[in-house]
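The values are calculated or read from the model by the stated rules, or taken from the named source; none is laboratory data. The model shown is predicted, which means the values in this text are computed figures rather than measured ones. Because the Cβ atoms are built from the backbone with ideal geometry, glycine has one as well, and the counts that use them run over all protein chains shown. Just so you know, the surface numbers come from the protein's heavy atoms only, side chains and all, with ligands and any DNA or RNA stripped out. Shrake-Rupley method; radii C 1.70, N 1.55, O 1.52, S 1.80 Å.
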Amino acid sequence: MATLVTFHAHPDDECIVTGGVMRKAFEEGHRVVLVVATRGEVGEIPDFLEDGEELSQRRVTETHAAAELLGVARVEFLDYLDSGMMGDELNDRQGSFWTADVDEAARKLAAILKEEDAQTLTIYDSNGGYGHPDHIQVHRVGMRAAEIAGTPAVYQATMSRENMMEAFRRFGEVDLEAPEEAGTPEAEITARVDVTKYLDVKRAAMRAHASQIPEQSFFLSMDDETFGLAFGTEWFIREGHGSETTLEL
């Protein structure tokens, strides 16, 4: 049994880009640990919060519900504040993940990696997938944490740019100019994991994040075929390892 630690910026990110790999690892007998940098305080405010309930509380509850579906054995939050989208005034507020000292944050993550004797860590690519400051910081902090902890395998979760554009084209309701710099050209991706077997669980984990992924969202309103195209493969970069076919545990 190996241990996979998957590091994300906000609640719900985990099921979108690594949900299939997480469930696959669990079903193959490995230990899965989820670490989330923030509690997603800057997300959409749904109309179903209870009186006095903060969005961050709801998102933590949703994360645990999704984690159970994905086979996660341990969930940890690093307790930084959500930085908002790039250019938002919240980027620079005290306590935001974007302003966190990389070494300090990396030591927090490295402590978990060492406790778990993690063999594999997933983070994001250097652009955070689509340029979100907290996602970029996940890359920076994750790379440094793996260095501190001596974690042997680091996979940078990304998206195939070509695959994503095709899914958007089929969905037919997304401006094709908007995501041009999102993801990674497929030729630069080194690991592809077929997670079609776990699509039902992955979609259920998305539904568990109901405050941010409602039924009418892009993620849940597409037909099964398009959903399979968009989310049936999970894509990673492992620096220095050339072309691979899967993610190693």
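Numbers for the structure displayed
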item	result
Relative contact order computed over segment 113-158 (Cα-Cα under 8 Å; 6+ residues apart), in percent	51 percent
Estimated inter-spin distance, ASN91 and GLU44, nm [label 7 Å along Cα→Cβ]	2.4 nm
Estimated vicinal HN-Hα couplings, Hz - segment 135-141 in sequence order (Karplus 6.51, -1.76, 1.60; Gly, Pro = x)	6, 4, 5, 4, 4, 4, 5
Surface share of carbon and sulfur [accessible, 1.4 angstrom probe, percent] for the chain	47 percent
Dipole moment magnitude, nearest 20 debye, the chain about Cα centre, only Lys, Arg, Asp, Glu C-beta charged	820 debye
Length-normalised contact order for segment 133-231 - Cα pairs under 8 Å, 6+ apart - percent	26 percent
Computed lengthening from SER217 to GLU166, 0.36 nm per intervening residue step minus Cα-Cα distance	16.6 nm
Among GLU62, GLU54, GLU116, residue whose mean-square fluctuation peaks in a GNM of the chain (springs only between Cα atoms under 10 Å)	GLU54
Förster radius 51 Å - calculated FRET efficiency between ASP51 and GLU188, Cβ distance, rounded to 0.05	0.55
Sorted peptide list for 192-204, 215-227, criterion being average Cβ within 10 angstrom, highest first	192-204, 215-227
Potential extension, ALA111-THR61 segment - 0.36 nm per residue separation minus Cα distance	15.6 nm
Computed label-point distance, nm, for sites VAL102 and HIS241 using a 7 Å Cα→Cβ extension	2.2 nm
Compactness index (Cα Rg / 2.2 N^0.38 Å), the chain	0.94
Enclosed volume per residue, in Å³, of the convex hull spanned by Cα atoms of segment 102-249	129 Å³
Mean-position separation - Cα centroids, segment 201-215 and segment 1-16, in angstrom	15 Å
Relative contact order of the chain, pairs being alpha-carbon contacts under 8 Å that are 6 or more residues apart, as %	24 percent
Rotationally averaged projected area of segment 204-249 (alpha carbon convex hull; nm²)	4.8 nm²
Mean Cβ count within 10 Å, highest first, over the residues of peptides 74-81, 12-19, 131-138	12-19, 131-138, 74-81
Top positive-direction residue, dipole computed over the chain with Cβ charges, set GLN216, TYR130, LEU199	LEU199
Three semi-axes of the equivalent ellipsoid, segment 46-178, Cα gyration tensor, whole Å, largest first	25, 22, 18
Cα-based reach from LYS24 at 15 Å (exclusive), listing aspartates and glutamates while leaving out same-chain residues under 8 positions away	GLU14, GLU68, ASP194, ASP200, GLU234, GLU248
